[in-house]
Structures are given as structure tokens and as C-alpha cells.
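One structure is given below, encoded as C-alpha cells.
Where a number appears in this text, it was derived from the coordinates with a stated rule and is not lab data. All figures in this text were calculated on a predicted structure; none of them were measured in a lab. Backbone-built Cβ (ideal geometry, glycine too); neighbour counts: all protein chains shown.
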Amino acid sequence: MGKLTGFLEYERALPESRDLAERIKDSKEIYKKADDKLIIEQAARCMDCGVPFCHTGCPLGNNIPEFNDAAYREDWESAYHILKSTNNFPEFTGRICPAPCESSCVLAINKPAVAIEFIEKSIIEKAFELGIVKPQVPSVRTGKRIAVVGSGPAGLAAADQLNQAGHEVTVFERADRIGGLLRYGIPDFKMEKNVLDRRLALMKTEGIIFRTCVDIGKDISASELSETYDAIVLCIGSTVPRDLKIPNREAKGVHFAMEFLTQQNKSVAGESLDAKQQISAKDKNVIVIGGGDTGSDCIGTSNRQGAKSIYQIELLEKPPHERDPEKNPWPQYEQVFKVTSSHEEGCERSFATLTKSFIKNKKGELIGLQTVDIRWVDNKFEEVEGSEKHLPADLVLLAIGYERPEAQHIFEQLELPLNDRGMPIAKNYQTKKSNIFVAGDMRRGQSLVVWAISEGREAARAVDLFLMGESELPSKTLAAVAFQ
């Protein structure tokens with residue numbers, strides 16, 4: 001490695017955040033641009049590990065010590081090529097990944113982990129800035145046509161890989177813009193959409209065809225698509241939200257989180273919204289039910305819309321501030337109490353809390369919640385007697401996950417057998433119909449963007465093998481040893 005004593009000399013540091021009072025007035029990314037000195041120092045903290053466990057912590061198998069070393073030496077071209085060899089979209093994961101690789105960092109055993117996510121983002125931004133990122137148009141085409149249904153991170157990764165293998169790839173998206181979750185789920189304060197548009201422009205130049213406002217199974221039958229293309233990759237996500245079926249669920253003011261976030265993203269993009277249908281947090285008492293990333297995004301968005309108060313409810317107990325070596329040993333993903341940038345901007349949080357019912361007035365409008373504290377015993381909870389609370393609320397956002405893909409009509413048209421979770425049965429990403437493949441959340445269930453990219457890459461290799469009998473596309477296993 002470039003500096004063997006770097007981890008002893010430098011403390012973990014991240015770019016400075018924009019002033020809190022300033023940033024909640026807009027939807028721009030919260031971090032200031034980092035200087036090269038900070039990037040180099042943080043890359044220097046990477047140790048010369050005998051076994052770099054960060055490889056296994058990363059769903060993509062990124063070659064992290066190698067690109068850290070290149071960044072330390074300011075060899076941005078090498079750093080970019082190492083990073084790009086395993087990750088199609090480091091500008092996405094460098095912004096919105098929870099960085100499981102950092103939980104597996106050897107340095108994290110007794111010191112703060114190497115700032116891998118920050119370094120990853122810095123490398124790709126340097127590569128764009130210096131003109132290192134250039135369109136890679138395949139020199140040879142195979143004549144095979146592939147349809148990718150869904151333009152979220154899994155669909156885009158599959159399309160990118162298959163295009164580079166020389167196939168003709170068309171991506172179908174039912175929304176009016178490409179990007180799926182990246183476009184309409186992730187707030188701009190975490191990833192501005194010009195980052196996504198920059199990548200899409202590159203992919204178009206490389207030959208990928210994008211078709212929006214096409215709902216497969218309705219505008220074009222899935223069976224017709226199967227007959228027209230040599231292979232189909234379904235990457236339509238797991239978009240049926242989990243509901244909270246408790247008394248007064250129908251009260252006006254109870255909404256799913258993604259309804260709220262999608263509207264905000266469209267508004268930030270300059271799209272006009274129907275005022276009667278718009279969900280606004282302005283001057284309201286907002287309660288977010290769900291303690292994950294989506295819930296955090298709702299908090300940040302509510303702050304920017306001018307909420308009167310924000311309260312977040314989590315069913316699970318409050319995590320410890322430090323890793324429990326018995327229940328959560330290194331190098332497992334660190335289950336500790338986290339404070340996101342959205343929490344910093346203002347929010348009261350409640351753990352081990354069960355929502356019993358919504359409260360509405362005579363007009364059917366939401367006015368509050370009835371909750372009770374719970375305690376967990378042997379992975380089951382019991383209510384704490386006498387702990388009932390009445391919380392005022394004008395707006396409740398349900399951020400409690402997703403159940404299954406919203407694509408029953410597609411599955412029926414393609415005659416795909418489903419598992420008990422409502423997802424197509426597949427082996428090595430291939431369904432019972434040999435030319436139909438699945439990837440992303442619709443295969444593994446709701447998960448991370450980094451896992452979706454990994455799924456798209458692996459599915460692309462499976463498609464390439466099916467069509468050509470062999471494949472030069474990398475798999476995670478191959479990628480992990482590529483730079484050893």
C-alpha cells in the first residue's frame with residue numbers, strides 16, 4: 001500500500017456538511033466539495049491487510065484496497081478503472097450506500113473504519129472531472145436483442161453489462177422518466193438528479209435504447225415482448241408497500257412514504273402537480289412510521305417542506321451506540337444507533353413503540369395516533385401496561401417496507417410460477433421460461449441499491465451465457481480476485 005502508517009497518522013474524516021439552517025431551504029446535496037488533501041489522507045488510512053474483509057462486506061466485491069492505494073497516489077485513472085471493473089455506478093453507491101464494506105473493514109475492529117464510501121464517490125467524480133470517463137461503444141454486435149423491464153439500479157446495471165457484451169439492449173420503463181427508485185425514490189439532498197442524467201446520457205451514447213411510458217403487460221403484452229426479443233430481464237422492483245391495517249387506516253392524511261417522496265422529487269424536477277392530490281408537510285405535525293432509510297428520507301423531506309413537528313416511530317428497540325461483540329461481532333454489518341443527516345435537521349424519535357390506531361375527526365381527517373410501548377422477549381413483543389400515548393398528527397407517512405412486485409399481470413401473461421412471496425421462481429436468475437430472467441428487489445426482496453446493481457450484473461452474465469454459450473462478463477467471484 002502507498003502509506004503503511006497512514007491509519008496511525010490520520011483520523012477518519014468526511015467532507016464538511018452545509019450549514020443545517022441553509023440546507024433545509026433547498027434540495028441540493030448536503031456535503032461540500034472535498035479537497036484532494038482530504039481524499040488522499042483518507043485513502044492513506046487503508047491498511048495493508050493480510051485478508052481485506054471489505055471485499056466480502058461489499059455486495060459487488062469491490063477491489064477496495066487497490067482503488068484506495070491508487071487514490072492515495074493520485075492515480076485517478078487507475079483508481080477509476082479498478083472501481084469501474086466491479087461497479088457500474090459508483091456515483092450512486094458513493095452517495096446512497098450504507099457502506100457494509102466499512103463494517104467489515106479490518107481497521108474497524110478497534111478504530112473508526114476507512115471512509116470507503118467517500119473515497120469511492122471522490123474517485124468517480126475525479127474521473128468525470130478529468131475526462132477519464134468516456135463512452136465505451138462496443139466494437140462488435142452479436143445480433144441478439146434483449147429487453148430489460150424496469151430502469152432502476154438493477155435494470156440499468158443489467159442493461160449496461162449486456163450492452164458491453166455486444167447485445168442490442170432496450171430498457172422499458174412505465175414512468176415518464178428513466179431511473180426508477182433512483183429518480184423518484186431517492187431525495188435530491190442525497191443525490192441530485194443531474195448525477196443520474198449524466199450517467200444515462202453516457203449509456204445512450206454507448207447504444208442503449210430507453211423507452212419510457214411503456215407499461216409492459218398493458219401497453220405491450222409480456223408474451224409479445226418474449227416473442228420479439230431473444231431474452232427478457234425483469235427488474236421491476238418490489239413496489240407493493242406494506243400496509244398498517246389498524247383502526248381508522250382510511251383517515252385522510254395517512255399515506256405511503258413513496259407517494260410522498262415521489263411527489264417531492266417531481267416537484268424538485270419542476271414538474272407541475274395537482275394541488276388537490278399533493279401531499280404536503282408544511283405546518284403539519286408529521287409522524288413517520290418506520291425507522292429505515294425511507295423513513296429518514298421522509299424526515300429530511302418534511303423538514304424541507306416546513307413541517308411544524310416531526311416524530312419517528314420504530315417498532316424495534318433502540319440499537320446500542322457501540323457494536324455488541326456477542327450478538328453482532330465484526331465483520332458483520334454493524335447494527336448500531338445511527339443519526340442520519342435528516343435526523344440532525346430536526347426529529348423526535350421513539351423506539352419499541354407500537355401504533356394501535358389512527359385517530360380521526362368527524363370529517364374523517366387524521367388528528368393523531370394511539371400508541372403503546374412494547375418490550376421484546378424471545379423475538380416477540382408484548383405491550384407495556386399503562387404506556388399508552390396519544391400523539392397529535394396531521395400527516396402520517398408509512399415507511400415500513402415492501403411486500404412483493406407489482407406485476408401479477410406480467411407473471412400471468414408469461415406463465416411464470418411464483419414462490420410464496422409472490423416472486424418468480426428462478427435459479428441463477430433464470431426462470432422456468434428459459435429466456436426470461438429476473439433480478440433486483442423482485443428476486444431477492446426489498447434491499448439496497450448496491451445489492452440491486454450486483455443483481456443486475458449477475459443476471460446479465462446469466463443472460464449472456466444463455467445466449468452465447470459462454471461469457472466474458474465478470475461475476476462477483478471473478479471480480480474479487482481480478483486484482484489480487
Per the Kirkwood formula over distinct C-alpha pairs, the hydrodynamic radius of segment 170-261 in angstrom is 15.9
By the C-alpha gyration tensor axes a ≥ b ≥ c (rounded if a/c is under 1.5, else prolate when a/b exceeds b/c, else oblate), the shape of the chain is oblate
Listed by chain and number, the lysines with an alpha carbon less than 18 angstrom from that of Lys33, same-chain partners under 8 positions apart left out, are Lys121, Lys126, Lys190, Lys193
With the dipole of segment 382-421 defined by +1 on each Lys or Arg Cβ and -1 on each Asp or Glu Cβ, the option from Gln408, Ala393, Asn419 whose Cα lies farthest towards the positive pole is Gln408
Quick shape check on segment 243-400: root eigenvalues a ≥ b ≥ c of the Cα gyration tensor, a/c under 1.5 is rounded, otherwise prolate if a/b tops b/c, else oblate, and it reads oblate
Kirkwood-based Rg/Rh on the Cα set of segment 6-129 evaluates to 0.96
Beyond 20 Å (Cα-Cα) in this structure, taken from Lys84/Lys476; Lys111/Lys318; Lys84/Lys204; Lys204/Lys433; Lys356/Lys380, we find Lys111/Lys318; Lys204/Lys433
For the chain, averaging the sequence separation of alpha carbon pairs under 8 Å that lie six or more residues apart and dividing by its residue count, the contact order in percent is 17
By the rule of another cysteine's Cβ lying under 4.7 Å, the cysteines of the chain that fail to get a partner are Cys46, Cys49, Cys97, Cys105, Cys213, Cys235, Cys298, Cys347
Classified through the alpha carbon gyration tensor (a ≥ b ≥ c as square roots of its eigenvalues; rounded if a/c is under 1.5, else prolate when a/b is larger than b/c, else oblate), segment 339-420 comes out prolate
Contact order relative to length for segment 356-434, counting C-alpha pairs under 8 Å separated by 6 or more residues, stands in percent at 18
For the chain, percent of DSSP beta bridges that are antiparallel (nearest 5) comes out at 40
Expected sort for Leu130, Leu196, Leu234 with the fewest Cβ neighbours (10 Å cutoff) up front is Leu130, Leu196, Leu234
Final fewest-first order of Trp330, Trp76 on the 10 Å Cβ neighbour count is Trp330, Trp76
Neighbour-count ranking for Cys213, Cys105, Cys298 (other C-beta within 10 angstrom, fewest to most) reads Cys213, Cys105, Cys298
Contact order relative to length for segment 138-252, counting C-alpha pairs under 8 Å separated by 6 or more residues, stands in percent at 36
For segment 6-129, the dipole about the Cα centre with charges only on Cβ (Lys and Arg +1, Asp and Glu -1), to the nearest 20 debye, works out at 360
From DSSP H assignment alone, runs of 4+ in the chain each adding -39500 (n - 2.57), the sum over residues rounded to the nearest 500 puts [θ] at 222 nm at -9500 deg cm²/dmol
Filtered hits (lysines, Cα-Cα < 24 Å from Lys360, offset >= 8 within chain) -> Lys245, Lys252, Lys276, Lys282, Lys284, Lys308, Lys389
